1. Multiplying the sequence separation of residue 89 and residue 589 by 0.36 nm and subtracting their Cα-Cα distance, what value in nm do you get?
2. Using a Förster distance of 45 angstrom, determine the FRET efficiency expected from the C-beta separation of residue 64 and residue 140, and round it to 0.05.
3. By how many nm would the segment from residue 103 to residue 26 lengthen if fully extended, with 0.36 nm per residue of separation less the alpha-carbon distance?
4. Taking the number of other C-beta atoms within 10 Å as the exposure measure, put 504, 377 in order starting with the fewest.
5. Among 148, 23, rank each residue by its count of other Cβ atoms within 10 Å, from fewest to most, as a rough exposure measure.
6. For segment 450-482 and segment 591-631, what is the separation of their C-alpha centers, rounded to whole Å?
7. Going by C-beta contacts inside 10 Å, put 190, 200 in order with the fewest on the left.
8. Roughly how far apart, in whole Å, are the Cα centres of segment 126-160 and segment 352-418?
């Protein structure tokens, strides 16, 4: 996803908009907006103390920007925008909680707690309430009378320093701890009411605009943080899961990976941090990596997640020159144990030597540390994956739509120019005939769209029924036990109910049903295409354009969003308390009924999301097609007056230029070249 290509497509789209009719202009404007806002997001996730913040500092090249030497006692999601579509390249915005958002945090899962008011669950609820109230209390002590006024507001700083950031995202001293609190310090002044931080930079060393996000730790003692991180994952395109080399792939890590796998749409890479702290160096590193790969395979099945290794500490030295905790012999030993990185290092040193002036020992050591840190490899991996992944596909689709319009305009202008050159008296076109034809085509599309939607709703209604039956059967089997011995009534310890097979089956069902809808939709779109072209060919003097076929790629590439399946069932991992709440005879039936209801809601979300997404893609295909046909009709051969020949030549030259410019972005288009040669 070359940034130069993206900008070139935006420029070409703007040129095309100047010469398009209203219907085409509306569609091209949507393409422009999509391209302008094409900004991938990369979320760094993992446990606390895994070194995420310092790793992000190295990844972005913003050394010491995110605080990494303090306990991040805050719930802040921090977005670092590089090359933001708004054009902003400095400063930051900090968004504050309001009372409604506070209440939403406290009320998480309140419906379930009301149904089963168990002491243990009440304790968890009370912990959340206590933590939120503690945050409010600290904020009131720090902010005084301005506390109430700030809720729901945001601060916009034109310039931002590390000290500024610390006021919003760092804990600072606890003002309730009178013995250790420094009233003169403003670190953490706003941290307890800050919901989200957005920081802006220029594009830096990244090849295209993107957002890098630091998230709270998934095993943080503050219970609301994990929920905030989990919800944010749905907004990201790529995930870097940070593991600590000392405790790689713990139970908390595996839980996070299962969530990542269920999201499906996101791409994942694992980065094992802190290899500089391994006593056995590269040998221990190889063992840790092998253990992680083996653990992922066992936990996730056929996992194709890539695993990289390195050290944020080495990257910190490379960027700042701070040698604290850095052993240069360990750095070189790591490079020698990894031939590809050693070659990168040697090639880089040769390049440095070719520069002006003498090469310093410190420059060589810092470069060695950066290569060994693994951050250059991580950047290359992430950017390549984004180029080849969904974001690259979006840009390719935008190019296809623009190229379709460009080829149509080139063909129309060529036909018109040829007709004017062959005859001094062109064939006059009845404008009313064009309008009537376009109106008829719109009616055809509207009628077919209604039929497609009805057929889709019938399939999805059947899916809902099958999904509900599947849920009821599977939940009964899990809750009541395969031999009629419910695990809920087992003695001792907590009980884990495994609903992974049910989630997998629900995913298969929605994929199968949407595949049926997709194929039927493509068949109907083909019928619309055939009927529309037949109507156009019946028009007097109609010349078949080369691009009259419907572009159905948006529908062909559809895959259902299964992220609803990542939603947890509250009693899925902790249900032994049920037996203390009500009589043993009713435990099973009540738990079964509650779990069925929750899974049915998940199933409804799956179906509703699939329907909305497919309708959106159908609309995209048909809007593009109607804009294309409107352009063909509007540009049918007009009168053959002499002044029109000059205009027709200019139109053809402009159309050929735009088509050629588009061809340079994704390679030469043989059809474009053929048309240009035929016109010369």
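1. This chain segment gains 174.2 nm when fully extended.
2. On the way: r = 31 Å, r/R0 = 0.69.
Taking R0 as 45 Å, the efficiency between residue 64 and residue 140 is 0.90.
3. On the way: separation 77, 0.36 × 77 = 27.72 nm, distance 4.17 nm.
That pair, residue 103 and residue 26, stretches by 23.5 nm at full extension.
4. Arranged by neighbour count, lowest to highest, 504, 377 become 504, 377.
5. On the way: 148 10, 23 18.
Sorted ascending by nearby Cβ count, the order is 148, 23.
6. 15 Å
7. Numbers: 190 23, 200 20.
Lowest count first: 200, 190.
8. Here the two parts' Cα centres lie 42 Å apart.
Rule-based calculations on the coordinates, nothing more; no lab input. Not measured: the values here are computed from a predicted model. Cβ atoms come from the backbone with ideal geometry, glycine included; neighbour counts cover every protein chain shown.
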